[in-house]
1. For the range 169-179, what are the residues that are in contact with a strand residue (DSSP E or B) (Cβ under 8 Å, 6 or more places away or on another chain) and surrounded by fewer than 18 Cβ atoms within 10 Å (Cβ to Cβ)?
2. Would you confirm, using the coordinates I've provided, whether I135 is in a helix (DSSP H, G or I) and touching a strand residue (DSSP E or B) at 6+ places or on another chain (Cβ under 7 Å)?
3. Here are some residues: E91, E109. Which one is modelled with pLDDT of 95 or more and buried (at least 24 other Cβ atoms within 10 Å of the Cβ)?
4. Would a scan of the range 213-226 turn up a residue that is touching a residue at least 24 places away in the same chain (Cβ under 8 Å) and on the phi > 0 side of the Ramachandran plot?
5. Could you check the range 234-252 and list, in sequence order, the residues that are outside any helix (DSSP H, G or I) and out of contact with any Lys or Arg (no Cβ under 6 Å at 6 or more places or on another chain)?
6. For the range 67-108, give me each residue that is in a helix (DSSP H, G or I), closer than 19 Å to W255 by Cα and among the aromatic types (F, W, Y).
7. Please find, among A41, A51, the residue that is in contact with a helix residue (DSSP H, G or I) (Cβ under 9 Å, 6 or more places away or on another chain), surrounded by 14 or more Cβ atoms within 10 Å (Cβ to Cβ) and among the small types (G, A, S).
8. Which residues, taken from the range 190-235, are of a type in the set (F, W, Y), modelled with pLDDT of 95 or more and more than 28 Å from Y49 (Cβ to Cβ)?
Amino acid sequence: MRSREWVVLLILVMFVAFTGAANSIRPAVKVLFDNAHAETAGNADWTIYGAYSDFADRLRSVGFIVESHEKSDGLLTYELLKNYKVLVLPEPNSPFKDAEVDAILKFIENGGGVFLIGDHTGSDRNHDGWDSPKIFNVFAPKLGFYFAKKWVSQAPVAGGRVEGFITRGVYRVGAWGATWLEIKDSKRVKAWIFFKFKKQGKKPYVITGTYGKGRFAAIGDSSPFDDGTGAPGNHLHDGWQTYDHPQLAENVVRWLAGEDDPKGNVEKIMNMLSE
């Protein structure tokens, strides 16, 4: 075997060893779910103790550390966020303070990952004049997109998907009272899952993008990650096990955490060996 082939083979062995040890390495990767902006207003319970508990358990099962930011913890600050790799914002119903918006953008700009989970227009569960599209649209345009002021339900979503890391193992996704996303900067923002309409054509439902050194993702509905559990009196619906929502959630957080596509990298190395 030529020296070049030995080098490539060594790289392959090291890569396989690294990916095999991923679960032992990943515990240092921390994910923070926000629970300080009325995520439990009305019938919602978008917390890691309630309807997003299966979401949190899925992440823990593959080695992530999952924590929650409570209202009693104070504002979201960059000093806090820099201790995490990923921030999940599950359908807030009260707006972020200006300082929090600055902290979130700085977090992404400096290498963090943020998942913006929205809902349909008019989903103002605490009747304070702010629904999640309006809340996110304070800063989403700076990232190159915004949440449309729309209401749509499709189960499963009928608009199709783009093949890639985000949609690996994800073939059917539902939307139960959702909105779509409008992309303003197609150089930085990519759509993965679409709605399809007769008049409007295809509209993005799940997107990812980059901002500075970091990454962000967004979806136009909170229901896919609802596992049906919550505080007594809440009428929640189990969308988590419907279609491929657990895999979508894991893929998005892995990508936000900066993980590459292991299968694709191995294939590249094998192609080098065969040349």
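1. Initially, the range 169-179 is screened for residues in contact with a strand residue (DSSP E or B) (Cβ under 8 Å, 6 or more places away or on another chain), giving 170-171, 173-179.
Listed by number, the residues that qualify are Y171, G177.
2. Numbers: in a helix (DSSP H, G or I): yes; touching a strand residue (DSSP E or B) at 6+ places or on another chain (Cβ under 7 Å): no.
For I135, the condition - in a helix (DSSP H, G or I) and touching a strand residue (DSSP E or B) at 6+ places or on another chain (Cβ under 7 Å) - is not met.
3. Numbers: E109 fails: buried (at least 24 other Cβ atoms within 10 Å of the Cβ).
Checking each option against the conditions leaves just E91.
4. First pass over the range 213-226, keeping only residues touching a residue at least 24 places away in the same chain (Cβ under 8 Å): 213-226.
Then drop every residue that is not on the phi > 0 side of the Ramachandran plot, which leaves none.
Checked against the condition, which is being touching a residue at least 24 places away in the same chain (Cβ under 8 Å) and on the phi > 0 side of the Ramachandran plot, the range 213-226 yields no hits at all.
5. If we filter the range 234-252 for residues that are outside any helix (DSSP H, G or I), which is where we start, we get 234-244.
Matches in the range 234-252: N234, H235, L236, H237, D238, G239, W240, Q241, T242.
6. As a first pass, look at the range 67-108 and keep what is in a helix (DSSP H, G or I): 71-73, 78-81, 98-108.
Narrowing the set further to residues that are closer than 19 Å to W255 by Cα leaves 81, 104-108.
Of everything in the range 67-108, just one residue is in a helix (DSSP H, G or I), closer than 19 Å to W255 by Cα and among the aromatic types (F, W, Y), namely F107.
7. Details: A41 fails: in contact with a helix residue (DSSP H, G or I) (Cβ under 9 Å, 6 or more places away or on another chain).
On inspection, the qualifying residue turns out to be A51.
8. Of the range 190-235, the ones of a type in the set (F, W, Y) are 192, 194-195, 197, 205, 211, 216, 225.
Subsequent filtering for residues that are modelled with pLDDT of 95 or more retains 192, 194-195, 205, 211, 216, 225.
Hits for the range 190-235 are W192, F194, F195, Y211.
The values are calculated or read from the model by the stated rules, or taken from the named source; none is laboratory data. Just so we're clear, the structure is a prediction, and the values are computed from it rather than from any experiment. Neighbour counts run over all protein chains shown; Cβ positions are idealised from the backbone, glycine included.
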